[in-house]
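Enquirer: For reference, the structure I am asking about is given below.
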Amino acid sequence: MPYPYQIKTLEQYHEEYKKSIENPEAFWAEIANQFVWQKKWDKVLSYNFTEPKIEWFAGAQLNITENCIDRHLATHGEEPAIIWEPNNPEERTRIITYNRLHKRVCQVAQMLTNLGVKKGDRVCIYMGMVPELAYAVLGCARIGAIHSVIFGGFSAQSIADRLEDAQATFIITCDGAERGSKNIPLKSVIDDALIGNKLVKKVIVYTRTRTPVAMLKGRDLWWEDEMDYAEHQIEKNGVVSFPAEPMNAEDPLFILYTSGSTGKPKGVVHSIAGYMVWANYTFINVFQYQPGQVHFCTADIGWITGHSYIIYGPLSAGGTSLMYEGIPTWPDAGRFWEIVDKHKVNILYTAPTAIRSLMGFGLDYVKNKDLSSLKILGSVGEPINEEAWHWFSQHIGKGNCPIVDTWWQTETGGIMISNLAGVTPQKPAHATLPLPGVLPVLVDENGNILEGNGVSGNLCIKQAWPGVIRTTYGDHERCRTNYFAAYPNLYFTGDGCLRDAEGNYRITGRVDDVLNVSGHRIGTAEVENAINMHSGVVESAVVGYPHDIKGQGIYAYVIFEGSHHEENLTKQDILQTVSRVIGAIAKPDKIQFVSGLPKTRSGKIMRRILRKIAEGETSNIGDISTLLDPAVVEDIIKGAQ
Ligand code: PRX
């Protein structure tokens, strides 16, 4: 049996779950023993959720790249680690074997060392979905540098903020990125982000699109040149290798920025050993991965899903990960199905927003594709509605593929609540049961734990699991107040949740001011701050509303007092401002100009009212008697979009 800790029956799930909760140390020690350690741990787990201070496998030393690459070389060095499908279907597919991946990651490690990158340095990676992005991530891990991948859709201003927060000293980027019919000029965005930055020493540029770029003497270097040079340095008798730096189990592996309900995005920090074990365990169990299968996770590596289920999960399992450069609808809405057919994909893991959008194009794009290789389907990032679930099951899975509805977050490192494909029961639109190691509790507003089934409340986790967030970079207090302060001794997820009569969990959505737009997490405060940067804007309030494809859309109420107020043009200006400050993903879908916002006497905006109006509710607004100026509501309803 290739994965001794792969759960095969419902009965076994219950046994393993019980063990994991009653004796987590013994449970995880047995699993961790399957990995390569340079030194074993002194203690499996010690933690408190008050500071918080969480340590898994303390005293151990390891390098995650030995677990993701080196240990597979002897047995299946010539098997594909990554299958890369380009944006343009006419272009050649690239197959990267484990031997090749090893070579490239060693070259990156040497290249970074040549440039002066040291253990613990923060390296920002801003690239399109090319194999070199995976090499860059793993090359950092090989030498113990902390990678911080930034999604290619964020603006120069967003990148500048992240560089500053992470105190990053090196950047790896591309000249440009291909996405559908678009060419995104990544290097030029980086140039803008670096205006005024004094910390970044080197920018390495990989050539993808042959877009002309400015190369600053002394700072900017070509990936190709540096990689060639590194190869010559470390090649001996035709073999290229670079020793994996011994790392402490709790050393940080990466920082990934994500939005919260207040202020700027925060840098979620994951540490090496716990994250590795969690990404691997969840990958093998949820997807029931079998050696040789092709796993296609459609996420971007700029998000946690790509980190855990394109790179670290599949590679730590010695699996084959399909990485796709483009978008679902280019050159047409059949692209995913074509990729499944072409590469005989066995596991397809995607987001409800993609399913809903492809559903809308009809079945013509599915009809002539052979999808018979598919064994398991997965959904992530937002609640999946029943219609999309059934369409996915029937038309893509042909009624034969279990669907895993996986609930988790950037902060949890890997999947937390999900059925195990074909092993534990599935229920449309329900994430179902917690994975071993995960102890969910529901609490009411006063922090009382709700016992029994058939209850709903705020979702918290009571016990430390290996993949839990360790800190927010540079600001531990923020980590405490965001996640560990709302309820004593509990990790608070920010999600509302229902536990049905059988004990299945159903996530109902965020209970804080965080939106989930096409599976992307966006803080309302962030969007408001961006809108308020426009010179004519006095104040704004942003709420979410149900959107057929995106799950949630962004609705902005704006008080505008600028000159030359021509409504349509001003709306465009505001959208442009948001694109500049955050990125196109945060552009409001609707903007309504208002003369005032519904505020209480103490000056607090009553978002409940704004949400109702955005949802199209005009008659049943609820109590407005505590408002400073109730008449404002009437005006807003009249102008609603
Ligand atoms: O609200 C939940 C929603 O996405 C949030 C986490 O977003 P992010 O950190 O960007 O990570 C997304 C990928 C893991 C959660 O707080 N969410 C995620 N998965 C599901 C979900 N909501 C319902 N069902 C899911 N399966």
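Since every read-out is calculated from the coordinates, none of them should be taken as a lab result. On a predicted model such as this, the values are computed, not experimentally measured, just so you know. So basically every Cβ, Gly included, is an ideal-geometry build from the backbone, and we count neighbours across all protein chains shown.
Enquirer: From the mean inverse distance of alpha carbon pairs (Kirkwood) and the Cα radius of gyration, derive Rg over Rh for region 229-301. Walk me through the numbers before you get to the answer.
Expert: Values: Rg = 18.0 Å, Rh = 16.4 Å.
Taking Rg over the Kirkwood Rh, I get 1.10.
Enquirer: Can you divide the C-alpha Rg of region 505-561 by 2.2 N^0.38 Å and report the result to two decimal places?
Expert: 1.25
Enquirer: A further question on this structure: When a/c is below 1.5 the answer is rounded, else prolate if a/b is larger than b/c, else oblate, so apply that to region 53-157 with a ≥ b ≥ c taken from the square roots of the Cα gyration tensor eigenvalues.
Expert: oblate
Enquirer: Would you mind giving the three semi-axes, in whole Å and largest first, of the ellipsoid equivalent to region 319-415 according to its Cα gyration tensor? Display every interim value, and only then the final one.
Expert: Working: eigenvalues 81, 49, 39 Å².
After scaling each eigenvalue by five and taking roots: 20, 16, 14 Å.
Enquirer: Here's a follow-up. Straight-line reach from Lys198: which aspartates and glutamates have Cα under 19 Å away, leaving out those fewer than 8 places along the same chain?
Expert: Once the sequence-local aspartates and glutamates are set aside, what remains near Lys198 is Asp121, Asp161, Glu164, Asp165, Asp220.
Enquirer: What is region 1-86 by shape, rounded, prolate or oblate, if you read a ≥ b ≥ c off the alpha carbon gyration tensor as root eigenvalues and call it rounded for a/c under 1.5, prolate for a/b larger than b/c, and oblate otherwise? Before the final figure, lay out the partial values.
Expert: Working: a/c = 2.06, a/b = 1.36, b/c = 1.51.
Taking the square roots of the gyration eigenvalues as a ≥ b ≥ c, region 1-86 is oblate.
Enquirer: Now for a separate question. Taking a spot 7 Å from the Cα of Asn48 along the direction of its beta carbon, which residues of region 469-513 have an amide N less than 19 Å from it?
Expert: 469-472, 476-492
Enquirer: Further question on the same structure: Mind checking which lysines have their Cα closer than 28 Å to the Cα of Lys599? Skip sequence neighbours fewer than 8 apart in that chain.
Expert: By straight Cα distance, Lys599 reaches Lys264, Lys571, Lys587, Lys590, Lys612, Lys638.
Enquirer: Here's something else I'd like to know. Under 29 Å Cα-Cα from Lys427, which lysines qualify once same-chain neighbours fewer than 8 residues away are excluded?
Expert: Answer for Lys427, where 29 Å is the Cα cut-off: Lys8, Lys18, Lys19, Lys344, Lys367, Lys369, Lys375, Lys398, Lys462, Lys550, listed by chain and number.
Enquirer: How far apart, in nm, are two points set 7 Å out from the Cα along the Cα-to-Cβ line at Asn33 and at Glu561?
Expert: The answer from the label model is 7.1 nm.
Enquirer: Shape call for region 201-334 from the C-alpha gyration tensor, a ≥ b ≥ c root eigenvalues: rounded (a/c under 1.5), prolate (a/b greater than b/c) or oblate?
Expert: The shape class here is rounded.
Enquirer: Now for a different question. Across the chain, where is the longest run that never hits GluC sites (Glu not before Pro) in a DSSP loop with at most 12 other C-beta atoms within 10 Å?
Expert: 92-444
Enquirer: Same structure again: Would you give the gap between the C-alpha center of region 540-578 and the C-alpha center of region 18-62, rounded to a whole Å?
Expert: Value for the Cα centre distance between the two parts: 48 Å.
Enquirer: Can you compute the helix-only [θ] at 222 nm over the chain? Use -39500 (n - 2.57) per DSSP H run of at least 4 residues, normalise by all residues, nearest 500 deg cm²/dmol.
Expert: Roughly -8000 deg cm²/dmol at 222 nm, from the helical runs in the chain.
Enquirer: Then there is this: Extent of the chain along each principal axis, from alpha carbon coordinates, in Å, largest to smallest?
Expert: Result, largest extent first: 80, 62, 56 Å.
Enquirer: Once amide H atoms are built 1.01 Å from N in the peptide plane, which residues 5 or more positions from Phe154, or in another chain, come under 5 Å H to H?
Expert: none
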